[in-house]
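The structure appears right after this line, and notes come after that.
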Amino acid sequence: MDLELKSKSLRDTNKIAKKIARMLHHGDVVCLSGDLGAGKTTFTKALLSIMGVKEVVASPTFTIAKEYRVKRGVIYHLDLYRIENDLELVEIGFQEMLDTACLVVVEWPDIAKGYLDQRNVISVSITFDDAGNRIFNIEGVMK
C-alpha cells in the first residue's frame, strides 16, 4: 500500500501516527527518512504513545537505541545517523532487536537495508511542500 498524507500541524501528525499504528503487526519495522528537522522523532513520539509507551520519548541520536516495554512486548527506537558500517550494527545488537521486538522504529535506516530484506517494513519519508506542510509518503506492507 502506498499512501501520501499531509500534515499542517502536530495534531495532523498525531492523526497520521494513529492511522499507521492501526496497521502495524507484531515484528514490523517502521523506517523513517527525511532531512534533519523533518519530524521523524516527533512522529515517533506520537506513534509510540499510541502503542502504549508511557515514558518520555526522545531522539536516540547519541544512545543510538532506546528500548520501551509495552503490553505487546518490546519496542526499539533507533537513530542510525551516526552508524557507519555493518560492524557497528552488529555491535549494537541490531539483528537481535529485529528478532525479538514487537516493533522496531528506525530513523536514518539506509545503512541497515541489508538487514531488512526479509522483514515487514513500512517506509515513511517526510518531506515539505512549498507551503511548509509536512508530506508523509508511506510505502510498504500494511495489512
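Of note:
- Carbon and sulfur %, accessible surface of segment 80-133 computed with the full protein complex present, 1.4 Å: 47 percent
- For segment 81-96 versus segment 13-61, the inter-centroid distance based on Cα atoms is 21 Å.
- Fraction of beta bridges assigned by DSSP in segment 11-143 that are antiparallel (%, nearest 5): 45 percent
- P(r) of segment 68-143 over all Cα-Cα pairs, binned every 5 Å from zero, in whole percent: 3, 13, 22, 23, 18, 12, 6, 3, 0
- Summed over qualifying helices (DSSP H, 4 residues or more, each -39500 (n - 2.57)) and divided by its residue number, the chain shows a 222 nm mean residue ellipticity of -7000 deg cm²/dmol.
- Dimensions of segment 1-57 based on its C-alpha atoms, expressed as ranges along the principal axes with the largest first, amount to 30, 27, 20 Å.
- Degrees, to the nearest 10: 40-50 long Cα axis against longest axis of the chain: 80 degrees
- Accessible surface calculations at 1.4 Å, restricted to protein heavy atoms, place segment 1-56 at 56 Å² per residue.
- Here the simple spin-label model places points 7 Å from the Cα toward Cβ, and for N137 and E4 these points are separated by 0.8 nm.
- Å³ per residue enclosed by the Cα convex hull of the chain: 102 Å³
- Nearest 10 degrees, 0 to 90: helix 10-21 Cα axis against the chain principal axis: 50 degrees
The values are calculated or read from the model by the stated rules, or taken from the named source; none is laboratory data. This is a predicted model, so every value here is computed, not measured. All Cβ positions, glycine included, derive from the backbone under ideal geometry; neighbour counts span all protein chains shown. We work out accessible area using only protein heavy atoms, side chains counted, and drop any ligands, DNA or RNA first. Shrake-Rupley method; radii C 1.70, N 1.55, O 1.52, S 1.80 Å.
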